[in-house]
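This report concerns only the one structure given below.
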Amino acid sequence: MSKPFFTVYCLIIYAFLLAPIAVVVIASFNAGAFLTFPPQGLSFRWYLVFFNNEVFMRAIRTSLWIATLTMVISGIIGTMAAMFYVTHAGKLKETVRVAMLAPLLLPEVLTAISLLFFVYSVGLGTQNLVGMIVGHVLITLPFVFINVSASMESYDPAWSLAAQSLGAGRFTRFRRIMLPLIKPGVIGGCLFAFIISFDVFTISFMLKGVGMSTLPIQLFDYLRTNFTPEAAAVSTCSIVLTMAVVVISEKVLGLRIHRF
Amino acid sequence: MTEVSIEKLTKDYGQGPAVNSISIRIAEGEFISLLGPSGCGKTTTLKMIAGFEDATEGAIRFDGRDVVHVPVEKRDIGMVFQNYALFPHMTVEKNLAFGLEMRKLPKGEIRTRIAKVLDMVQLTGYSERYPRQLSGGQQQRVALARALVIEPKILLLDEPLANLDAKLREEMRVFIRDLQRRVGITTVYVTHDQAEAMTMSDRVVVMFGGRIAQIGTPSDIYERPANLEVAEFVGQVNIIRGKVGNRVVSTAFGDVPVSGDFADGAELMLALRPEAVELLPINSGSTGAPAKVLSSYYSGSLVDYRLELATGAVVNVQTFPRTRFADGEQVLVHAPSDRFWPLGTVA
C-alpha cells in the first residue's frame, strides 16, 4: 500500500470510530430543548442542568464507588491468578486460562441472570452492593488476568531466585522484585477493570437494588422518557471521566512503566 | 570461610534418582567444579546446596551444621546464575545493595561495601547504570559482585560463562579464579565445559547419570581418569587395547608395563592422550611403530594428525608444528610407556 493511501485509510478508520463520540460531544453543547444534530446554538445550559440533577449525581457517585472497589478486588484476584497461571499451574495451565477467560465467552446477560439467582439463593439479595461488586469483578477479571499474565511471561523466574539467594523472603520478593517488574500489566489490567465496570450495563441492571442506580442505568432510564441534550452532556462527562483515568494513570505511573 | 560436607545426598523426582547418594567434602576456600554432560545431576546438586531443591535423602553441612532444612534465604549463600538474573529495574548500586538491605546493614556500611566490591570487579563508576546498559561481561561481573558483597558462607556458580563469547569466556575464567583466590571463599562451580573446570578448579567432580565418576585434581582427572567415560569426557583420548601377559600389555606401540591386578590373558584398555605421542620421520632410526598420516589439521600453535597404524587402528596425535608431515606420509609413532593409563578390562 502506498503511503498517502495508507494515511487516508487510517484517517477514515479513525473518523469512523470517533465520529459518533464527536457527535455526542457537540450535541451536548446544544442550546435548544431537544437532542438534535447539528445543535441549535451553543451553550453550557445542559451541563448546568446535569450537575444540578441530584439523581444523576448520585448515580455517578455510585458508579465511581463500584468501579473503584471492582478495580481493587479484581486487580488483586486477577494478579494472583496470573501469578499462579504462569509459575505454578503446570499441567493445569490451559484449564486455568480457559476458566479465567470464561466470563468473556459467556453472554453477559446469562452471567447476570445466574448471579441474580445466586445472590438470592444464598440470601444476599440485591439491597447491598455485594452482588453487584461480585458481578463486576467477575466480568473484569479476564482483563486483569490477560494483562498481568502477559507481563508475567517476560518475567524471568531467576529474578525471584536471585532475590531469595540474597536473603529476601516471599513477601519482599513480591514487593521489591516481581511487582515493580509486572507493574505495567497490573496497572493496565486495573484501568481496564475500572473503565469496564464504570461502563457496564447488563450486569448492573440485573443486580441493582430497588432505588439504586449506576450512571449507564440512570442514562437509559432517563432516555426512556426524555430526549433533551442533557443525555449528551451526561455521556460527554462519562467519556471525559474515563479518558481522565487513562491519561492521569499514564502521566503519574507511565514514566515508570517505560523505565525499562 | 566455610567447610562444606555433602553426605549421601540423593534427589529423586519420582522416576529414579537424578542425584544418587553422592558425597563430597569441600575444604575451606576450595574451588570445586561439578563437571558432566547435561542431565548428569550437577545442577540439581548445586540447587540442593543452595536450597532451591529439597534433598530426598542425605545431609549438607556448612561447618558441621546440617542446612538441609534451612530455607534458601536463611542459608547465607551467594549465587551467580547462568543468565546473571540482575534485577532490570534497579541500577548496579541498587542490585548490590539489595542483599545488604536484607541483612539490615546501616546505610554507611552498605555504601562502603559496594564501593569496595565495585573496585574488586573493576566496575567503579558504573553504579548508576542499569543492567541493560552493560555488556555481557560487565553484567557477569555485577552478578559476581552481588553474590560476593553479602560475604556469604559459600559461592555457587551455575554455568556463569555459558552466554559469553569465546574470548571473553577465557578472560572471565581467569578473572573469577583470581577473585575467588583473593576473597578465599569456598566455591562450587557447575559447568559442562571441561576446559573451564580444568583451568579454574582445585578439584573437579566428574558426574554421570547422577553418580560421581571421579573426584580429583585437574591432573588426576586428565592423566589418571577413573574409567573410560571420564577419559572420553575430559579432552581427547586414544583407547589402545592389548592383552595382558606377565604384567605387560602388548600393544601396537610395543609392550607397556602395567601396575595393578590384571589377570594374564585379559584384554585391557589403555588411555593415551594425543599430545603424549611423538611423531618421528620413518628413517630416523628410532624405535616406534610405523604409521601412515591420514589427515592433519593445523591450528596455529598445534597440529592434529589422524594416523593409521599397521594394525589398522586409528590414532589421534597432537604435536607442535615444528616438523610437519604430509598426508599419506609414512611416519614412526612412539609413546613413553608411562603415558599409558589403564582404564580396565574390555567388558
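The values are calculated or read from the model by the stated rules, or taken from the named source; none is laboratory data. Nothing here was measured: the structure is a model prediction, and the numbers come from that model. So basically every Cβ, Gly included, is an ideal-geometry build from the backbone, and we count neighbours across all protein chains shown.
General observations
- Hey, A:R170 free of Cβ contacts under 8 Å to residues at least 24 places away in the same chain, over 30 Å from A:W46 (Cβ atoms) and not β-branched (V, I, T) or not: yes
- Of all residues in region B:307-334 being crowded, with 16+ Cβ neighbours inside 10 Å and under 27 Å from the mean Cα position of the chain (by Cα), the one that is farthest from B:N227 (Cα to Cα): B:T319
- In region A:211-250, of all residues being polar (S, T, N, Q) and not in a helix (DSSP H, G or I), the one that is farthest from A:V24 (Cα to Cα) corresponds to A:S213.
- Among all residues of region B:75-86, there is none that is over 25 Å from B:E30 (Cβ atoms), outside any loop (DSSP other than H, G, I, E, B) and modelled with pLDDT of 95 or more.
- Taken over region B:17-43, the criterion of being surrounded by 23 or more Cβ atoms within 10 Å (Cβ to Cβ) and within 14 Å of B:I60 (Cα to Cα) is satisfied by B:V19, B:I22.
- Output for region B:99-132, where each listed residue is farther than 17 Å from B:D178 by Cβ, surrounded by 13 or more Cβ atoms within 10 Å (Cβ to Cβ) and within 14 Å of chain A (Cβ to nearest Cβ): B:G99, B:L100, B:E101, B:M102, B:R103, B:L105, B:I110, B:R113, B:I114, B:R129, B:Y130, B:P131
- Pick from region A:58-88, criterion surrounded by fewer than 17 Cβ atoms within 10 Å (Cβ to Cβ) and at pLDDT below 90, ranking: nearest to A:I187 (Cα to Cα): A:T87
- For the residues A:A158, A:A162, the requirement of being touching a Phe, Trp or Tyr at 6+ places or on another chain (Cβ under 7 Å) and surrounded by fewer than 19 Cβ atoms within 10 Å (Cβ to Cβ) singles out A:A158.
- Filtered residue count, region B:55-69, keeping only those that are free of Cβ contacts under 8 Å to residues at least 24 places away in the same chain and out of contact with any strand residue (DSSP E or B) (no Cβ under 7 Å at 6 or more places or on another chain): 2
- All positions within region A:129-179 that are closer than 19 Å to B:L96 by Cα and among the β-branched types (V, I, T): A:T172, A:I177
- Subset of region B:60-70 that is touching a helix residue (DSSP H, G or I) at 6+ places or on another chain (Cβ under 9 Å) and in a loop (DSSP other than H, G, I, E, B) - its residue that is farthest from the other protein chains (Cβ to nearest Cβ): B:V68
- If you check B:Y189, B:Y222 for being surrounded by fewer than 21 Cβ atoms within 10 Å (Cβ to Cβ) and aromatic (F, W, Y), only one passes: B:Y222.
- Some residue of region B:22-45 being over 30 Å from B:D220 (Cα atoms) and either assigned to a loop (DSSP other than H, G, I, E, B) or polar (S, T, N, Q) (or both): no
- The single condition among (1) under 29 Å from A:K183 (Cα atoms); (2) at the interface with chain A (Cβ under 10 Å from one of its Cβ atoms); (3) part of a helix (DSSP H, G or I); (4) among the charged types (D, E, K, R) that B:E93 does not meet is (2).
- Residue, surrounded by the fewest Cβ atoms within 10 Å (Cβ to Cβ), within region B:253-278, restricted to residues that are part of a strand (DSSP E or B) and of a type outside the set (A, V, I, L, M, F, W, C): B:P257
- Criterion violated by A:F50 - all others in (1) surrounded by 10 or more Cβ atoms within 10 Å (Cβ to Cβ); (2) farther than 14 Å from A:S235 by Cα satisfied: (2)
- Filter pass, B:E73 being within 13 Å of chain A (Cβ to nearest Cβ) and surrounded by fewer than 20 Cβ atoms within 10 Å (Cβ to Cβ): yes
- Failed item in (1) touching a helix residue (DSSP H, G or I) at 6+ places or on another chain (Cβ under 7 Å); (2) closer than 23 Å to A:F194 by Cβ; (3) at pLDDT below 90, with A:A31 passing the rest: (2)
- Matching residues in region A:165-182 - criterion: being buried (at least 19 other Cβ atoms within 10 Å of the Cβ), assigned to a helix (DSSP H, G or I) and facing another protein chain (nearest Cβ under 7 Å): A:S165, A:I177, A:L181
- Only one of the listed residues (B:V204, B:V244) is part of a strand (DSSP E or B) and buried (at least 23 other Cβ atoms within 10 Å of the Cβ). That residue is B:V204.
- Of the residues screened, B:V230 is not one that is touching a strand residue (DSSP E or B) at 6+ places or on another chain (Cβ under 8 Å), in a strand (DSSP E or B) and surrounded by 19 or more Cβ atoms within 10 Å (Cβ to Cβ).
- Count of residues meeting criterion [in contact with an Asp or Glu (Cβ under 6 Å, 6 or more places away or on another chain), at negative phi and not in a helix (DSSP H, G or I)] in region B:46-59: 2
- When residues in region A:91-115 are screened for being more than 20 Å from A:I73 (Cα to Cα) and touching a residue at least 24 places away in the same chain (Cβ under 8 Å), 2 of them pass.
- Residue that is nearest to the other protein chains (Cβ to nearest Cβ), among those in region A:140-164 that are out of contact with any strand residue (DSSP E or B) (no Cβ under 8 Å at 6 or more places or on another chain) and of a type in the set (A, V, I, L, M): A:A158
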